[in-house]
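Read-outs throughout are calculated quantities, based only on the coordinates presented, and are distinct from any laboratory measurement. What you are looking at is a predicted structure, and each value in this text was computed from that prediction instead of being measured. Don't worry about glycine lacking a Cβ; one is built from the backbone with ideal geometry, like all the others, and counts go over all protein chains shown.
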Amino acid sequence: MKYPFANAAFQTLAGALIFGLSTVAGPAAAGELRLLMFEQAGCIYCTRWNREIGVAYPNTEQGMLAPLTRFDLRDALPDDISITRRAHITPTFVLLSDGTEVGRIEGHPGGDFFWFLLDELIARAPDDPDDN
């Protein structure tokens, strides 16, 4: 094989995709963090986020602390989710703790700023689910 690292890279990518898909569905347990992403078809900033951050997100420290759950902008939310207001622009990221909004990032501010803002939201999340 001309590029011996290619097989390992493919296996890593396949594992990341499988792990990522397993974190998208299902409710978070009590006290856990979850990151909601509101998106819609044709959103160029959603596409950019998916390309720049979304592929790696499940494998990051943030992605493990707050698994990603995707919603279409117009989807009805499950009863166990409480947010301060509906998302009106895409992408909008809402960090939940025990199903209650901690904070949000509206739009895609670019890779460096996204991670910084998400880290700030995670730091604001209560350690005890009863603090919500």
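Things worth noting here:
- Segment Leu65..Glu32, full-extension length gain: 11.1 nm, with 0.36 nm per residue of separation and the alpha-carbon distance subtracted.
- Between Ala41 and Ala76, the FRET efficiency from the beta-carbon distance, with R0 = 22 Å, is close to 0.80.
- Ala87 long-range amide H proximity, modeled H, under 5 Å: none
- Near Arg70, the amide H atoms lying under 5 Å from its own belong to Met37; only residues 5 or more places off or on other chains count, and H is placed 1.01 Å from N.
- Rounded to whole Hz, the Karplus (6.51, -1.76, 1.60) HN-Hα couplings of region 102-115, x for glycine and proline: 9, x, 8, 10, 9, x, 10, x, x, x, 4, 6, 4, 4
- Residues whose placed amide H lies under 5 Å from that of Thr92, excluding near-sequence neighbours: Phe38, Gly107
- Local charge for Ala41 was computed over the other residues whose Cβ lies under 11 Å away, with Lys and Arg +1 and Asp and Glu -1, and equals -1.
- Ser82, Ser97 arranged by Cβ crowding within 10 Å, fewest neighbours leading: Ser82, Ser97
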